[in-house]
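The values are calculated or read from the model by the stated rules, or taken from the named source; none is laboratory data. None of the values given here were measured: they were computed from a predicted structure. All Cβ positions, glycine included, derive from the backbone under ideal geometry; neighbour counts span all protein chains shown.
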Amino acid sequence: MEKIQITENMRTILDVLQRATEPMTAADVAEATGLSTKSVNASFNRIASEELGLGVREVATQDLGDCKTKDVKLLKLTEAGKKLNLKEDIVIKVK
């Protein structure tokens, strides 16, 4: 298998999502990684791109209490994303 070229931010996000026990929002991932939500979304767009196909966004309804809800986008990994070996299957792309 050809190694996948990804950025350091993408590797960090994939690592967090692979270890997560529940789906996470971009804000959750940003908090866990120290990246900005904007960076997380930009990197996840690449992770979820047709070319890589390592992740998907899923809309979920978050219960805010007091009968209020909010639609949030959850970042999830596909099977390929879950199985990706972050030590052997990737090459870090230097900008």
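Which of the residues spanning region 30-39 are within 11 Å of M10 (Cα to Cα) and either touching a residue at least 40 places away in the same chain (Cβ under 8 Å) or part of a helix (DSSP H, G or I) (or both)?
Selection gives T33, S39.
Could we say that L75 is part of a strand (DSSP E or B), surrounded by 12 or more Cβ atoms within 10 Å (Cβ to Cβ), modelled with pLDDT of 95 or more and under 11 Å from the mean Cα position of the chain (by Cα) here?
Against the criterion (part of a strand (DSSP E or B), surrounded by 12 or more Cβ atoms within 10 Å (Cβ to Cβ), modelled with pLDDT of 95 or more and under 11 Å from the mean Cα position of the chain (by Cα)), L75 qualifies.
Could you give every pair whose Cβ atoms fall below 7 Å, whose first residue belongs to region 67-95 and is without any contact (Cβ under 8 Å) to a residue 24 or more places away in the chain, and whose second residue is part of a strand (DSSP E or B) and surrounded by 16 or more Cβ atoms within 10 Å (Cβ to Cβ), counting only separations of at least 6 or pairs across chains?
none
Could you tell me which numbered condition P23 fails, if it satisfies all but one of (1) farther than 16 Å from L84 by Cβ; (2) surrounded by 14 or more Cβ atoms within 10 Å (Cβ to Cβ); (3) in contact with a helix residue (DSSP H, G or I) (Cβ under 7 Å, 6 or more places away or on another chain)?
(3)
Where residues in region 32-59 are charged (D, E, K, R) and touching a strand residue (DSSP E or B) at 6+ places or on another chain (Cβ under 9 Å), which of them is farthest from K76 (Cα to Cα)?
The qualifying residue farthest from K76 (Cα to Cα) is R46.
Which of the residues belonging to region 40-67 are surrounded by 11 or more Cβ atoms within 10 Å (Cβ to Cβ) and part of a loop (DSSP other than H, G, I, E, B)?
A48, S49, L52, G53, L54
Going through region 75-91 one residue at a time, which ones are touching a Lys or Arg at 6+ places or on another chain (Cβ under 7 Å) and either among the hydroxyl-bearing types (S, T, Y) or more than 13 Å from I13 (Cα to Cα) (or both)?
D89, I90, V91
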